[in-house]
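Read-outs: derived from the displayed coordinates by stated rules, not from any lab. Treat the numbers as computed from the prediction; the structure is a model and nothing was measured. Quick reminder, even Gly has a Cβ in these numbers, built from the backbone with ideal geometry, and neighbours come from all protein chains shown.
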Amino acid sequence: MRSSGLHRVMFTAALLWVARTGANADWIREFRAEGLYNSNVSRSNREEDRLDDFAFGAAVRFGKFTHLDSADRLRLTFTLDLDSQAFAEFDDFSNISAGATASLRYRFGLGAMAPFLRVEGGVRWADFNDELQDGVRSDLSVVIGKRVLERLELQTGYVFDHTQTRTSLYDQQGHGFFARITFDLTSSTQLSAEYSFRDGEVVSYNVPPRPDLIALANTRLDVNIFVTPYVAYNLDATTQRGAFGIHQAITRNVGVSLRYELQSTTRDQIDYTSHVFLAAIHISL
Amino acid sequence: MLLFIAGATARAGEIAITVTDQRGAPVADAVVYAMPRSGKPPQRTQATSIAHKNQQFVPYVTAVQAGTLINLPNLDPVKHHAYSISPAKSFELPLYSGTPEKPLLFDKPGIVSIGCNIHDWMRAYVYVVDTPFFAITEADGRAQLRGLAAGAYDVEVWQPRLKGGPSANKQQVTVGGASAKVAFALDLRSGGFRPQVNPAASNGTYR
């Protein structure tokens, strides 16, 4: 495994932080199991090249947050993150990742209605069945949010993401923003809607020959991920994503969620779309 | 909304109250209280407490007479930060464990909404009244006011989901020789929304 210095430093810091017992801290112990369907896991723009797949995933977040001032206006959160995904057909996408996330949140006032600003950074090592995709994923976000009504909260933010892998094909970097609205339909049911825009590199798999993609690609590579030969193209593109979700608390420790995402990626005359359906069970202890 | 007054002249000292919503379902956590129509009500305050327990306030609704001391002990292994910005009682108890040394004095009638600055879903209400004759309905929507002197009273009701003020539901009752009965049918906001922790929340349990 290859790892960056930043990754090691952050992971170690998170370990030390989580291990240290602080009187001002609340623990975060969250588990998630999910199943998803992606209508275009190959991210192909021609219909005949598109391949779909199911995946099962699990995630663990373990950490805590602490109050940096007497009024909890400034809150520091550290979690250790473990994620895995197993794809039913295209196993080269199956992966397990381990990393850490840190966030610093400032709340401008007292109570749930006060607006907040949160800066969050995460880094994780991802180990794929396809070794070429192995590498370090990191992201940084700046988010502002405000509960505008008792049941309605708005969030918007900027996100930077960076992926460093074994090959330039899978090296990706992007900038984007998002807007999210959540509405508490009942005491235990929340609805969410989100829009995001990302400008950066993507990897699209297509059956050759594709001279149109060759002209646009930063780099390309023959891959054996699918049954038939595909070529993977690294492209600069814009991706828009719309998502809707329903999030149901079953008990104070267990909840379930359903989510639909429409992802649309465009570069010049080339575009591809994916429909993603996700069902998850969440446990928070 | 006024439904009816039965037994307006009743056994001395008691009023039996039933509270339902607009569909006839019993309403819990409704504060019912009786104000003497003449004279000043006696002062009978008794200190009470609202606990932080399992990251909820217990009880959800508390009624007290103006001048009552209330403490907010933290029974959880994590710190809490209770606050209120309500005009009837504004306070802040920053990050604490255990029981605060000094209880808070609630000396102004009105509604006090209490929250926790750490755990946004935690909420409680204190309804401060100018009379010692108050009670809170149970799950069956019933409550009993006891110890009233014979005479005429205005009986009012308040609940966190109530549309309009408590005066809109005012009823007059005379306490005499037998137990009086009062029924309220309240116009409540729909949904029964009460914030609670949602492990599946898309914006995070803690933000």
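Global size of the protein assembly as shown: 29.0, 98 Å for Rg and Dmax (C-alpha atoms, Rg to one decimal, Dmax whole).
For region A:56-109, the spread of Cα positions along the three principal axes, ordered from largest to smallest, is 52, 17, 12 Å. Each label was represented as a point 7 Å from its Cα along the Cα-to-Cβ direction; for A:L152 and B:F193 these points are 0.9 nm apart.
Using Cα pairs under 8 angstrom and six or more residues apart, how large is the relative contact order of region A:69-143, in percent?
With pairs under 8 Å counted, the relative contact order is 27 percent.
Per the Kirkwood definition applied to all pairs of different Cα atoms, how many angstroms is the hydrodynamic radius of region B:11-96? Kirkwood hydrodynamic radius for region B:11-96: 16.1 Å. Think of each Lys and Arg Cβ as +1 and each Asp and Glu Cβ as -1; about the Cα centre, that makes the dipole of the protein assembly as shown roughly 2500 debye. About its Cα centre, the dipole of region B:34-191 is roughly 260 debye, where the only charges are +1 on Lys and Arg Cβ and -1 on Asp and Glu Cβ. May I ask for the percentage of alpha-carbon pairs in region A:171-285 that lie more than 17 Å from each other? Cα-Cα pairs of region A:171-285 separated by over 17 Å account for 65 percent. Sequence-distant contacts, meaning Cα pairs under 8 Å at least 6 residues apart, place the relative contact order of chain A at 15 percent. Based on Cα contacts under 8 Å between residues 6+ apart, chain B shows a relative contact order of 36 percent. Of interest is the spacing of the C-alpha centroids, which for region B:17-57 and region B:105-147 amounts to 6 Å. Dipole size of chain A about its Cα centre, with +1 on Lys/Arg Cβ and -1 on Asp/Glu Cβ: approximately 1340 debye, rounded to the nearest 20.
Computed per residue of chain A from DSSP H runs no shorter than four, each worth -39500 (n - 2.57), the mean residue ellipticity at 222 nm is -2000 deg cm²/dmol. Under a 5 Å amide H cut-off, with hydrogens placed 1.01 Å from N, B:I118 pairs with B:H81 among residues at least 5 apart or on other chains. From the largest down, chain A spans 63, 41, 31 angstrom on the principal axes of its Cα atoms. Taking Cβ atoms as reference points and 12 Å as the exclusive limit, the residues near A:L278 contribute a net charge of 0, counting Lys and Arg as +1 and Asp and Glu as -1. Sequence-ordered 3J(HN,Hα) estimates for region B:16-33 from the Karplus curve with 6.51, -1.76 and 1.60 and θ = phi - 60° stand at 8, 10, 10, 10, 10, 9, 5, 9, x, 7, x, 10, 8, 6, 8, 8, 10, 8 Hz, glycine and proline given as x.
For chain B, the spread of Cα coordinates along the three principal axes comes to 55, 38, 25 Å, biggest extent given first.
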